[in-house]
Amino acid sequence: MPDITKPILEVKNLRTSFFTDDGEVKAVRDVSFDLYEGETLGIVGESGCGKSVTVMSILGLVQRLGKITGGQVLFRGKDLTKIPADELRHVRGRDIAMIFQDPLSSLNPVLSVGYQIDEAMYAHDVIKHDDIRARGVDLLEEVRVPDASRRIKDYPHQFSGGMRQRAMIAMGLSNKPKVLIADEPTTALDVTVQAQILELLRDLNQNTGTSIILITHNLGVVAGLCQRVIVMYAGEIVEEGTAEQIFENPQHPYTWSLLRSMPRVDTSRRERLKSIEGLPPDLIAPPPGCKFNPRCPFRIEQCFSDDPTLETVGDDDRHIAKCWVRMKRAYAEMGAATLTDTRPGAASGVRPPKTLVEKLEDSREIEPDTEAVGDLRGS
Amino acid sequence: MAVDAAAVRPGATPQPAEPLLRVAHVTKHFRAGVSGVVHAVEDVSFDIKPGETVGLVGESGSGKSTLGRVITQLVPATSGQVIFDGVDLTTLRGERLRQQRRHLQMIFQDPFASLDPRMTVGDIIAEPLVNFGLHDHKEKDRKVQELLRVVGLNPYFNNRYPHEFSGGQRQRIGVARALALNPKLIVCDEPISALDVSIQAQIINLLEDLQREFNLTYLFIAHDLSVVRHISDRVMVMYLGKIVEISPSEDLYESQEHPYTKALLSAIPVPDPKIESQRRLVELSGEIPSPLFPPSGCNFHTRCPIARVPGICADEDPQLQEKSPGRFAKCHFSDEVRTKV
């Protein structure tokens, strides 16, 4: 069990922007969270919500157009955003390791897998140089690559997708890091392989106490692995809580909608999916007020003018949400339990103020009208 | 009409409707190198009834996309028949095949690659109409605007280019293009896997609405079994070029007749920590074998938890058999799937 009194990593008011020709894209907007020792933390959100940029910022991997514009990343009392590059290089890969989504493009095709795992250990003085060769094989065995002593001489193209991801995990673990960050580690893999990789990560966390940050868009993956969950939308944390709180009692309409928009394999298929209408906002000029207001069925007038802050919901201070309405009220006053119409404002009946209508509505989209085509209809 | 006939002759059972698509013993081999042969699709047979949605699910490399392309005749079959609306497409060439294709459209996975960036949305949607010389100019514009309206896009944006639209909106454009010729069958090849989670449901709902409205028949290909099961009436599970199980969607989660289906279902994560904590993963040993050298006998025997090796599973390829009404499986020991896997 994680020790929830000792944060190993503290992210405080982190802001990261990309300065493009079109303007400043504020990809991470004032994000704060703690990671505790031995904990598995999931960060969920769709592409462009800032989840990857957040962890890239933690490791100082934001490059070129991107820049950390504010905030702190405290690891063992040191602010990783302030320390010199070569000092950060010793944290990266040694204390905090990262595995990426696409294991093929993350591995060098002209070097053997073993060489690349060893390389990670030579770069840091954690493992005695004499032991490195043997540890490479041990690591591959640990991540369940069969016939490890032979396969370690193989090149990445000789490995399957799942094996490559295992090799990446072996590399990440080679220096016994305190924190392992996995950015969509199973997105490119088949479900059966995904299940094996997740089981591997779960065992690692339990056996070695390594803290894990798992980034994914798949809520199911989070439910199986993570003790605590952060939900991000448009560069901000919109809800945070234990896995139980997030999945059983979501309070932010975005979390709630995400959970209801996905078909589940274990429920009856007859029900129409409750889709989230509209698109994620433009991060250069997001809507005023709450950034989810153009898509939210439960919005009220206040949502268009004032941006809510993250506040405790319910009696447990670990569960926080950034919403004026919250699902508790939506259930009590807006009939969320029986909601079938998920269009923006459908449950609350609130239209955006006139001055905002043009800004908020995507004029490319209209209500689908299947009545429109007379001569298309089949017999 | 079968129903009317039954009304005329009391006591007669209504005949099931003629299949719209009958795939019979279709095999597709690709040549690899000098002497290698990729067994992409191996002796696959199934029917799709009019108005039905049949899902085709399998891991990468299972041959599901190749099968979709063989059905639409984008790649020719090595052997076997694709009988669409009573006509064997594999025997047609040139103009006669083109005329049949009108009724058989496809929606592709990648909404960025499947739309020509230099054509306007209007031209993209009108292209099938122009190809078949169906509409004059004025008529064409009207039709394009109607199609845009049907898929939920603003009809006055027909002069815009694909890059001005988001992924989900582009997929709507792809759907409109597929609808333009009023097809009977649409092959949807992973139509939502490139889209954001919050957008996927929009497209699924749209496809379902269109089906109801226009009497469409879908072959829905995807790797995500929860999506496939949601949209389909029947689900086919494919492994290494062969269909290993066909089942009504409703029954699939409750029980499985093939060990691979069971393994696949056990691996799908469910967004509920309580269920996840009780998950019992059916572990498959090793990885999917290369379709260049498919295993002998039942090609799943190298990974199957109940295979008799050495024995019948390694020696003899089981047939796809009806195990209970409407449920087909290709396994020597499907009785054991419920208890021993």
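The values are calculated or read from the model by the stated rules, or taken from the named source; none is laboratory data. None of these values were measured; they are calculated from a predicted model. For neighbour counting, all protein chains shown are included, and Cβ atoms are generated from backbone atoms with ideal geometry for every residue, glycine included. Heavy atoms of the whole protein, side chains included, go into the accessibility calculation; ligands, DNA and RNA do not. Shrake-Rupley method; radii C 1.70, N 1.55, O 1.52, S 1.80 Å.
How large is the direction-averaged shadow of the alpha-carbon convex hull of region A:1-108, in nm²?
Taking a quarter of the hull surface, the average projection is 8.2 nm².
P(r) for chain A: what percent of alpha-carbon pairs falls in each 20 Å bin, starting at zero?
Whole-percent P(r) values from 0 Å outward: 26, 53, 20, 2.
According to a simple spin-label model (label point 7 Å from Cα along Cα-to-Cβ), what is the distance in nm between B:Tyr161 and B:Ser255?
Taking the two extended label points, one gets 5.8 nm.
Heavy-atom accessible area of B:Tyr253 with all protein chains present, probe 1.4 Å, nearest 10 Å²?
70 Å²
Starting from the 7 Å offset along Cα-to-Cβ, what nm value, one decimal, do you get for the label separation of B:Gln99 and B:His29?
3.4 nm
Between A:Asp282 and B:Asp209, what is the FRET efficiency for a Förster distance of 25 Å, r being their Cβ-Cβ separation, to the nearest 0.05?
0.35
Ordering A:Ser105, B:Ser266 from largest to smallest accessible area (1.4 angstrom probe), what's the sequence?
The residues order as A:Ser105, B:Ser266, largest area first.
Per 0.36 nm of contour for each residue apart, how much would the distance between B:Asp233 and B:Glu322 grow if the chain were fully extended, relative to their Cα-Cα spacing?
Taking B:Asp233 through B:Glu322 to full extension adds about 30.3 nm, to one decimal.
With only Lys, Arg, Asp and Glu charged, each at its Cβ (+1 for the first two, -1 for the last two), find how big the charge dipole of the protein assembly as shown is about the Cα centre; round to the nearest 20 debye.
680 debye
Taking θ = phi - 60°, what integer Hz values does the Karplus form 6.51 cos²θ - 1.76 cosθ + 1.60 yield along region A:271-276, in sequence order, with x for Gly and Pro?
6, 5, 5, 8, 6, 9
Given R₀ = 25 Å, FRET efficiency for A:His90-A:Tyr155 by Cβ-Cβ distance, to 0.05?
After rounding to 0.05, the efficiency reads 0.30.
Using the Karplus curve 6.51 cos²θ - 1.76 cosθ + 1.60 with θ = phi - 60°, work out ³J(HN,Hα) for each residue of region B:275-281 in order, rounded to whole Hz, and write x for Gly and Pro.
5, 4, 5, 9, 4, 10, 7
Evaluate 2.2 N^0.38 Å with N set to the residue count of chain B, then give the Cα radius of gyration divided by it.
For chain B, the normalised Cα radius of gyration is 1.07.
Sketch the reach of a paramagnetic label on A:Asp30 as a point 7 Å from Cα along Cα-to-Cβ, and name the residues of region A:308-346 whose backbone nitrogen lies under 11 Å away.
Within reach of a label on A:Asp30: A:308-310.
For Cα pairs less than 8 Å apart in space and 6+ apart in sequence, what is the mean separation divided by the residue count of region A:103-176, i.e. the relative contact order in percent?
Here the relative contact order equals 47 percent.
In a Gaussian network model over chain B where Cα atoms closer than 10 Å are linked, find which of B:Leu320, B:Leu67, B:Leu292 has the largest mean-square fluctuation.
Of B:Leu320, B:Leu67, B:Leu292, the Gaussian network model singles out B:Leu292 as fluctuating most.
Could you report the accessible area of A:Tyr122 in Å², rounded to 10, computed with a 1.4 Å probe on the protein chains as they sit in the structure?
110 Å²
Pick out which of A:Gly93, A:Gly349, A:Gly66 has the largest mean-square fluctuation in a Gaussian network model of chain A, springs linking Cα atoms closer than 10 Å.
A:Gly349
Stick to the Cα atoms of region A:182-295, pair each with every other, and give me the Kirkwood hydrodynamic radius in Å at one decimal.
Hydrodynamic radius (Kirkwood, Cα pairs) of region A:182-295 is 15.9 Å.
Taking amide H atoms as placed 1.01 Å from N in the peptide plane, list the residues 5 or more away in sequence, or in a different chain, whose amide H sits under 5 Å from that of A:His319.
Long-range HN contacts for A:His319: A:Val313.
Per the Kirkwood treatment, what hydrodynamic radius in Å, one decimal, follows for region B:160-305 from the mean inverse distance over all distinct Cα pairs?
17.6 Å
Each residue of region B:324-341 in turn: what ³J(HN,Hα) in whole Hz from Karplus with 6.51, -1.76, 1.60 and θ = phi - 60°, glycine and Pro shown as x?
With coefficients 6.51, -1.76 and 1.60, one gets 8, x, x, 10, 10, 8, 10, 7, 5, 10, 5, 4, 8, 4, 5, 9, 9, 8 Hz.
Against the globular-protein guess of 2.2 N^0.38 Å, express the Cα radius of gyration of the protein assembly as shown as a ratio, rounded to two decimals.
1.00
Ordering B:Glu316, B:Glu18, A:Glu365 from largest to smallest accessible area (1.4 angstrom probe), what's the sequence?
Solvent-accessible surface, decreasing: B:Glu18, B:Glu316, A:Glu365.
In nanometres, what is the gap between the two model label sites at A:Asp307 and B:Val37, each 7 Å from Cα along Cα-to-Cβ?
6.4 nm
Taking R0 as 51 Å, what FRET efficiency do you get between A:Glu10 and B:Asp110 from their Cβ-Cβ distance, rounded to the nearest 0.05?
Efficiency, from the Cβ-Cβ distance: 0.80.
Could you work out the relative contact order of region A:284-378, using alpha carbon pairs under 8 angstrom and six or more residues apart, expressed as a whole percent?
Contact order relative to length: 29 percent.
Explain nothing, just the number: dipole magnitude of chain B about its Cα centre with +1 on each Lys and Arg Cβ and -1 on each Asp and Glu Cβ, in debye rounded to the nearest 20.
480 debye
How big is the B/A interface in buried accessible area, both sides summed, 1.4 Å probe, to the nearest 100 Å²?
5600 Å²
Cut-off 10 angstrom, C-alpha nodes, Gaussian network model of chain B. Which of B:Val309, B:Val227, B:Val57 fluctuates the most?
Comparing B:Val309, B:Val227, B:Val57 in the GNM, the peak value goes to B:Val309.
For chain B, what's the relative contact order in percent, using C-alpha pairs closer than 8 Å and at least 6 residues apart?
It comes to 18 percent, rounded to a whole number.
Restricting attention to the alpha-carbon atoms of region A:103-176, what are Rg (one decimal) and Dmax (integer), both in Å?
So, for region A:103-176, Rg and Dmax equal 10.9, 31 Å respectively.
Report Rg/Rh for region A:284-378, rounded to two decimals, where Rg is the Cα radius of gyration and Rh the Kirkwood radius.
Rg/Rh for region A:284-378 comes to 1.09.
Please work out how much accessible surface A:His157 shows to a 1.4 Å probe, ignoring ligands, DNA and RNA, in Å² rounded to 10.
140 Å²
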